[in-house]
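Peer 1: Got a structure here, written out as structure tokens. Questions coming.
The values are calculated or read from the model by the stated rules, or taken from the named source; none is laboratory data. Source: prediction; values computed, not measured. Please note: Cβ atoms are built from the backbone with ideal geometry, for glycine as well, and neighbour counts cover all protein chains shown.
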Amino acid sequence: MRILLVSEDIPYPNMGGLAKHVLNLARALVRAGHQVDLMGNDEHPISVCGEEGDFGGRFFGELNGHHAGWKEISFGMFMPPKRTSIAKNFAQLIMRRAGQYDVVHYHGHIPNVAKFLPADLNFVQTRHDQGSDCFKHTRFRNGEVCSTSDPSVCAECITARPNPIQRAVSTAAVVRYRKEVAESFSAHKTVFVSDMLLRNLSRTLGNGDWGVTVHNFVDRAKLEKIRESAALLPASESFQIFVAAKLYPAKGVEPFLRMLAPRLPSHMRLTIAGDGPDEPRLREEFASSQIEFLGWCSPEQTLKLAASANAVVVPSVWEEPCATTVLEGLFLGKPTFALERGGTPELSRYGAEPGQLRLHRDMESLVDDLVSFDPHTRYGYALEGLGCADSAAMQLLEIYRMPSRHPVSVSSTS
């Protein structure tokens, strides 16, 4: 097949999980014998990604306009036409190339784009976050998971105390956006990276046949090479804990540190890879001989650090849709500690054996388990093909080829 992958998250020097997902998929589709090109943003050449940007196809840096602010921050309200305008622009840019391909597969943050594409275009989009009904993409505010379906509450995410005009305009923006997203999902094939995303979406769009689930995936061959190399290193005498996360509230590093630091056993060492707005403050308060902040680390360095640790912790307090860091911890053979929320419980199936993914109802019970855990615990390898890009590519190819909007038969959760 001739496949055009589209994502505004590519290319950047430091790419997030969505961008890596798209590039992993591109390489898997090329390995399967397909022609794959990629449309990304026009801000950088693909070379800024280094080796990660090599996927075996052509890159078109043509997406733009998605950073337009429309003075929302200045006015303290979400503007109703903004996301419609961005979606229409993306649709026009996609259509300049779409005729040369058998399928267009979009991974990004403008889910209403599908409303403005021709009904006969073979278009698929994958939803990676909660931006299908939440302008912040996280369903997380004031330090808590947000489950409201009331669009008027969304006004408080752009200004703490909206006046009547701000609330009315923001409400109109959310209502309009959600309607366009529902029309998009009704018109074209949609994939979600977890069942949780589908369940949560039903709170605002209602119970409908909105799409299918295909979980995130990783480059298992690469992870297993890193795992084997780490196994040759001398064993550490201490219990090495590793966290890779952006340092901001939703990722839960601060509540994890507040719970762990007063109880940190003398034999335990915690390494945190990641930067973010909370980094200076957390460094000042928690850095010690037992707690080390590394700042931003390259993807390769991050995986090597995880592979050399005794355990991986993913302390997110928001509802992670399908955390790649959890999958990486499991496939590196590590006990992986996380909260039992979001799409994370769905990832237990990727463990080598029951109990490798250690889920907890709250941070206190997670830390209780961690400080009493045997650091010498080892896990084998998960079933061959499970959770890898090549297997996911086969599922997605079946979706690409199906004429129906929602090919339920290929759901990875069936």
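For (1) assigned to a loop (DSSP other than H, G, I, E, B); (2) in contact with a helix residue (DSSP H, G or I) (Cβ under 9 Å, 6 or more places away or on another chain); (3) not aromatic (Phe, Trp, Tyr), each residue gets a yes or a no:
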{"site": "TRP70", "(1), (2), (3)": "yes, yes, no"}
{"site": "MET77", "(1), (2), (3)": "yes, yes, yes"}
{"site": "HIS109", "(1), (2), (3)": "yes, yes, yes"}
{"site": "LYS115", "(1), (2), (3)": "no, yes, yes"}
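Peer 1: With the condition kept exactly as written, say whether any residue in the stretch 80-93 is loosely packed, with under 15 Cβ neighbours inside 10 Å, free of Cβ contacts under 8 Å to residues at least 12 places away in the same chain and among the hydroxyl-bearing types (Ser, Thr, Tyr).
Peer 2: Checked against the condition, which is being loosely packed, with under 15 Cβ neighbours inside 10 Å, free of Cβ contacts under 8 Å to residues at least 12 places away in the same chain and among the hydroxyl-bearing types (Ser, Thr, Tyr), the stretch 80-93 yields no hits at all.
Peer 1: Does CYS157 satisfy being surrounded by 15 or more Cβ atoms within 10 Å (Cβ to Cβ), at pLDDT 95 or above and in contact with a strand residue (DSSP E or B) (Cβ under 8 Å, 6 or more places away or on another chain)?
Peer 2: It is true that CYS157 is surrounded by 15 or more Cβ atoms within 10 Å (Cβ to Cβ), at pLDDT 95 or above and in contact with a strand residue (DSSP E or B) (Cβ under 8 Å, 6 or more places away or on another chain).
Listed here are the residues, each with its yes/no results for (1) under 28 Å from LEU347 (Cα atoms); (2) surrounded by 19 or more Cβ atoms within 10 Å (Cβ to Cβ).
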{"residue": "ARG167", "(1), (2)": "no, yes"}
{"residue": "SER170", "(1), (2)": "no, yes"}
{"residue": "VAL181", "(1), (2)": "yes, yes"}
{"residue": "HIS188", "(1), (2)": "yes, yes"}
{"residue": "VAL193", "(1), (2)": "yes, yes"}
{"residue": "THR204", "(1), (2)": "yes, no"}
{"residue": "ASN207", "(1), (2)": "yes, no"}
{"residue": "ASP219", "(1), (2)": "yes, yes"}
{"residue": "LYS225", "(1), (2)": "yes, no"}
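Peer 1: Residue check: is GLY40 modelled with pLDDT of 95 or more and either buried (at least 22 other Cβ atoms within 10 Å of the Cβ) or under 24 Å from the mean Cα position of the chain (by Cα) (or both)?
Peer 2: yes
Peer 1: Give the residues of the stretch 285-334 that are more than 16 Å from ARG358 (Cβ to Cβ) and charged (D, E, K, R), sorted by residue number.
Peer 2: Passing the criteria: GLU285, GLU292, GLU300, LYS304, GLU319.
Peer 1: Kindly list, by first and then second residue, each pair from a residue in the stretch 145-165 that is assigned to a loop (DSSP other than H, G, I, E, B) to a residue that is among the β-branched types (Val, Ile, Thr), limited to pairs with Cβ atoms under 7 Å and residues at least 6 apart or on different chains.
Peer 2: Listed by first residue and then by second, the contacts come to SER149/THR204.
Peer 1: Can you tell me which residues in the stretch 94-129 are more than 24 Å from GLN395 (Cβ to Cβ) and either touching a Lys or Arg at 6+ places or on another chain (Cβ under 6 Å) or buried (at least 20 other Cβ atoms within 10 Å of the Cβ) (or both)?
Peer 2: Once the filter is applied, which keeps residues that are more than 24 Å from GLN395 (Cβ to Cβ) and either touching a Lys or Arg at 6+ places or on another chain (Cβ under 6 Å) or buried (at least 20 other Cβ atoms within 10 Å of the Cβ) (or both), the stretch 94-129 yields ASN112, LYS115, PHE116.
Peer 1: With the condition kept exactly as written, say whether any residue in the stretch 340-354 is under 14 Å from ARG220 (Cα atoms), assigned to a helix (DSSP H, G or I) and not assigned by TED's automatic domain parsing to the domain that holds MET15.
Peer 2: Yes.
Peer 1: Checking the condition modelled with pLDDT under 95 and part of a helix (DSSP H, G or I), which residue from ALA221, ALA173 passes? Walk me through it before giving the result.
Peer 2: Details: ALA173 fails: modelled with pLDDT under 95.
None of the others qualify; the one that does is ALA221.
Peer 1: Would you mention how many residues in the stretch 13-37 are at pLDDT 95 or above and in a loop (DSSP other than H, G, I, E, B)?
Peer 2: 3
Peer 1: Then there is this: Out of everything in the stretch 305-337 that is without any contact (Cβ under 8 Å) to a residue 60 or more places away in the chain and touching an Asp or Glu at 6+ places or on another chain (Cβ under 8 Å), what residue ends up being farthest from ASN216 (Cα to Cα)?
Peer 2: PHE337
Peer 1: Looking only at the stretch 240-254, decide whether some residue is out of contact with any helix residue (DSSP H, G or I) (no Cβ under 7 Å at 6 or more places or on another chain) and modelled with pLDDT under 95.
Peer 2: no
Peer 1: Here is a further query. Take the conditions buried (at least 17 other Cβ atoms within 10 Å of the Cβ), within 28 Å of VAL181 (Cβ to Cβ), at pLDDT 95 or above and not hydrophobic (A, V, I, L, M, F, W, C) and apply them to GLU72. Does it pass? Walk me through it before giving the result.
Peer 2: Details: buried (at least 17 other Cβ atoms within 10 Å of the Cβ): yes; within 28 Å of VAL181 (Cβ to Cβ): yes; at pLDDT 95 or above: yes; not hydrophobic (A, V, I, L, M, F, W, C): yes.
When the stated conditions are applied, GLU72 passes them.
Peer 1: So, in the stretch 344-364, exactly how many residues are surrounded by fewer than 16 Cβ atoms within 10 Å (Cβ to Cβ) and closer than 17 Å to TRP318 by Cα?
Peer 2: Of the residues in the stretch 344-364, 3 are surrounded by fewer than 16 Cβ atoms within 10 Å (Cβ to Cβ) and closer than 17 Å to TRP318 by Cα.
Peer 1: Can you pull out every residue in the stretch 358-379 that is part of a helix (DSSP H, G or I) and among the hydroxyl-bearing types (Ser, Thr, Tyr)?
Peer 2: Listed by number, the residues that qualify are SER365, SER372.
Peer 1: While we're here: Could you check, for the stretch 185-205, whether at least one of its residues is more than 22 Å from ILE110 (Cβ to Cβ) and either part of a helix (DSSP H, G or I) or of a type in the set (Phe, Trp, Tyr) (or both)?
Peer 2: Looking through the stretch 185-205, at least one residue is more than 22 Å from ILE110 (Cβ to Cβ) and either part of a helix (DSSP H, G or I) or of a type in the set (Phe, Trp, Tyr) (or both).
Peer 1: Among (1) modelled with pLDDT of 95 or more; (2) surrounded by fewer than 19 Cβ atoms within 10 Å (Cβ to Cβ); (3) outside any loop (DSSP other than H, G, I, E, B), which single condition is GLU51 missing?
Peer 2: Here GLU51 meets the rest and fails (1).
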